[in-house]
Amino acid sequence: MTGPNPTDRGKPGSKHHIIVDANGIPLAAVITAANVNDVTQLLPLVDAIPPIAGQPGAPRRRPDAVQGDAGYRSHAHRISLWIRGIEPIISDTPHVHGSGLGKFRWVVERTLSWLHQFRRLRVRYDRRADIHRAFLTLGCVLICHRHLVDALC
């Protein structure tokens with residue numbers, strides 16, 4: 001789960017991929033090598049969203065829509081999301097500035113910064129991928145717990 005980091009002189013590193021809801025609560029997270037493209041993790045992240053129970057009937061497993069920047073605009077990703085019953089809200093052209101999705105993108109960036117406030121996730125000390133994945137899961141649990149405490153207070 002490590003690879004040469006393209007931004008840090010080729011040192012081995014990892015990358016955290018995360019999908020969040022509109023409030024920044026993490027729904028699924030994946031760790032890959034630093035040199036893996038973000039686009040390859042879109043469908044595994046969407047498929048990793050756990051079922052959400054609480055309402056009568058079958059639990060929801062898929063979101064209604066997924067927002068993404070211009071990097072996810074491929075036709076294959078759009079078709080794959082439509083097949084899953086998800087509406088893709090993705091910028092069409094990469095050179096048009098001001099698609100409007102940036103005002104929603106900060107939610108994902110904020111959640112990543114919350115995760116990287118935990119030192120074990122910001123700097124990877126663990127050689128084993130399962131231990132690092134466990135700390136990533138623990139960080140996501142702590143973020144969810146903080147949201148619940150804030151909602152109850």
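The values are calculated or read from the model by the stated rules, or taken from the named source; none is laboratory data. On a predicted model such as this, the values are computed, not experimentally measured, just so you know. Cβ sites come from the backbone with ideal geometry, for glycine too, and all protein chains shown count toward neighbours.
Scanning the range 1-38 for residues that are among the β-branched types (Val, Ile, Thr) and under 11 Å from the mean Cα position of the chain (by Cα) turns up Ile18, Ile19, Val20, Ile25, Val30, Ile31.
Residues of the range 58-84 being over 14 Å from Leu45 (Cα atoms) and charged (D, E, K, R), which ones?
Start the filter on the range 58-84 by keeping residues that are over 14 Å from Leu45 (Cα atoms), which leaves 58-60, 64, 69-71, 73-76, 78-79, 82-83.
If the condition is that a residue be over 14 Å from Leu45 (Cα atoms) and charged (D, E, K, R), then Arg60, Asp64, Asp69, Arg73, Arg78 are the ones that fit.
Here the condition is being part of a loop (DSSP other than H, G, I, E, B), buried (at least 18 other Cβ atoms within 10 Å of the Cβ), at pLDDT 85 or above and not hydroxyl-bearing (Ser, Thr, Tyr); of Pro63, Pro50, it holds for Pro63 alone.
Does Ala65 qualify as being under 21 Å from Asp130 (Cβ atoms) and among the aliphatic types (A, V, I, L, M)? Reasoning before the result, please.
Numbers: under 21 Å from Asp130 (Cβ atoms): no; among the aliphatic types (A, V, I, L, M): yes.
Criteria not met by Ala65.
Ser113 - would you say it is part of a helix (DSSP H, G or I), among the hydroxyl-bearing types (Ser, Thr, Tyr), within 30 Å of Thr2 (Cβ to Cβ) and over 16 Å from the mean Cα position of the chain (by Cα)? Spelling it out, it is not the case that Ser113 is part of a helix (DSSP H, G or I), among the hydroxyl-bearing types (Ser, Thr, Tyr), within 30 Å of Thr2 (Cβ to Cβ) and over 16 Å from the mean Cα position of the chain (by Cα).
Scanning the range 118-140 for residues that are surrounded by 12 or more Cβ atoms within 10 Å (Cβ to Cβ) and not in a helix (DSSP H, G or I) yields a total of 3.
Step by step: first the residues of the range 96-117, then only those that are at pLDDT 90 or above and over 23 Å from Asp47 (Cβ atoms), then the one that is surrounded by the most Cβ atoms within 10 Å (Cβ to Cβ). Which residue is that?
At the first step, the residues of the range 96-117 found to be at pLDDT 90 or above are 110-117.
Going one step further and asking which of them are over 23 Å from Asp47 (Cβ atoms), we end up with 110, 113-114, 116-117.
Values: Arg110: 12, Ser113: 11, Trp114: 17, His116: 13, Gln117: 11.
Ranking the qualifying residues of the range 96-117, first place goes to Trp114.
When you scan the range 31-43, do you find a residue that is small (Gly, Ala, Ser), surrounded by 14 or more Cβ atoms within 10 Å (Cβ to Cβ) and within 29 Å of Asp150 (Cβ to Cβ), even just one? The answer is no, given that none of the residues of the range 31-43 is small (Gly, Ala, Ser), surrounded by 14 or more Cβ atoms within 10 Å (Cβ to Cβ) and within 29 Å of Asp150 (Cβ to Cβ). Please determine whether any residue of the range 44-63 is farther than 20 Å from Cys144 by Cα and touching a helix residue (DSSP H, G or I) at 6+ places or on another chain (Cβ under 9 Å). No, the range 44-63 contains no residue that is farther than 20 Å from Cys144 by Cα and touching a helix residue (DSSP H, G or I) at 6+ places or on another chain (Cβ under 9 Å). Restricting the range 78-95 to residues that are exposed (fewer than 11 other Cβ atoms within 10 Å of the Cβ) and not β-branched (Val, Ile, Thr) leaves a set whose member that is modelled with the lowest pLDDT is His95.
Which members of the range 16-47 meet the condition of being part of a strand (DSSP E or B), out of contact with any Gly (no Cβ under 6 Å at 6 or more places or on another chain) and not β-branched (Val, Ile, Thr)? Steps first, please.
Narrowing the range 16-47 to residues part of a strand (DSSP E or B): 16-20, 26-33.
Narrowing the set further to residues that are out of contact with any Gly (no Cβ under 6 Å at 6 or more places or on another chain) leaves 16-20, 26-32.
Hits for the range 16-47 are His16, His17, Pro26, Leu27, Ala28, Ala29.
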